[in-house]
1. Sort 193-201, 290-298, 46-54 by the packing proxy (mean of other Cβ within 10 Å over each peptide's residues), most packed first.
2. For region 176-218, give the percent of accessible area contributed by carbon and sulfur heavy atoms, probe 1.4 Å, rounded to a whole number.
3. Cα convex hull of the chain: mean projected area in nm², to one decimal?
4. What are the aspartates and glutamates whose alpha-carbon lies under 13 Å from the alpha-carbon of LYS94, with same-chain residues fewer than 8 places away excluded?
5. Which pairs, out of LYS216/LYS243; LYS188/LYS221; LYS83/LYS118; LYS141/LYS184, put more than 32 Å between their alpha-carbon atoms?
6. Report the Cα centroid-to-centroid distance between region 218-241 and region 1-78 in angstrom, as an integer.
7. Quick one: accessible area per residue over the chain, 1.4 Å probe, rounded to a whole number of Å²?
8. Quick check on my link table: of LYS62/LYS275; LYS139/LYS201; LYS26/LYS296; LYS75/LYS275, which ones sit more than 21 Å apart, alpha carbon to alpha carbon?
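The values are calculated or read from the model by the stated rules, or taken from the named source; none is laboratory data. All figures in this text were calculated on a predicted structure; none of them were measured in a lab. Neighbour counts are summed over all protein chains in view; Cβ atoms, including those assigned to glycine, are modelled from backbone coordinates with ideal geometry. Only protein heavy atoms, including side chains, enter the accessible area calculation; ligands, DNA and RNA are left aside. Shrake-Rupley method; radii C 1.70, N 1.55, O 1.52, S 1.80 Å.
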Amino acid sequence: MYDIIIVGAGPAGLTAALYATRARKKVLVLEALSYGGQIINTLEIDNYPVAPHISGFDFAEKLYNQVLELGVDFKFEKVIEIKNNNNYKEVVTKENTYQGKTLILATGSENRKLGLEKEQDFVGCGVSYCATCDGAFYKNKEVAVVGGGNTAIEDALYLSDIASRVYLIHRRDQFRADNVSIQKLKDKKNVEILYNNRVTKLIGDRKLEGILVSDKNNVEKEISICGLFIAVGRIPENENFRKLIELDDSGYIVSNELCHTNVPGIFVAGDNRVKELRQLVTATSDGAIAATEAIKYLNSLN
């Protein structure tokens, strides 16, 4: 029987493990793929306090090793179901079933892809899914944003103050974002909006050099850019918890700011919960909060 079982070994899950183990709790971390989460795809982190110019992989490796040194149990197994048995929780993987007095869900979310050839190859070399993370690398350069929701509009506005020119590419003729933000964007002189267009090809060898777009009449146009920011949504990794945990319409776990879910003893941390800002610093913050709340819950059982 574990005190705390953590599902997911991204920055949120690993930080939760760090805090929980330092509190002398028996902790198990379960991870389906590899430790680090989405941050391992970030070429350079420049917006995390006191750790400038570190790669996402190095950050994840340092945090992972820090947790291992504390003696956390770590297993690479995919969680397929969780059960609430009041006094303890059951976590079912493809290989085993584990029991814990509390549970922290830190499974993160995955960026929705365009599905283009070379898209994954160009991540960190011109393709990004986070303008606030990587926008500073494109100062005075030409970039493009793909999407039609609030995130795409906000990304384009953010990049318009950094890049020399911003193309906003949307497959429809209207945006889903709020009108105030749309008007702000239209007032920007260095922003060009391409309605009824979609990106059909990424151009370049080792790095992005341009894109090919196609309009509703299948008329193609090549645009020279060095940065493409994809903002077409995210996919939270919560489907296996739907029977027990309350999710919003987009599949994110509903929680309060103390990372409590609707089930006592089950907490959430990171990008898989409902929140406004999904950044490395907010993920680690969630991890610390969720672990602290889990410890309080454990102490209340005594």
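1. For the peptides 193-201, 290-298, 46-54, the packing ranking is 290-298, 193-201, 46-54.
2. About 42 percent, which is the carbon plus sulfur part of the accessible surface.
3. On the way: hull surface 66.1 nm².
In nm², the orientation-averaged hull projection of the chain is 16.5.
4. List returned: GLU31, GLU77, GLU81.
5. Result: LYS216/LYS243; LYS83/LYS118 exceed 32 Å.
6. Cα centroid to Cα centroid, the span is 27 Å.
7. Per residue, the chain has an accessible area of 50 Å².
8. Values: LYS62/LYS275 26 Å; LYS139/LYS201 24 Å; LYS26/LYS296 14 Å; LYS75/LYS275 28 Å.
As for pairs spanning more than 21 Å Cα to Cα, those are LYS62/LYS275; LYS139/LYS201; LYS75/LYS275.
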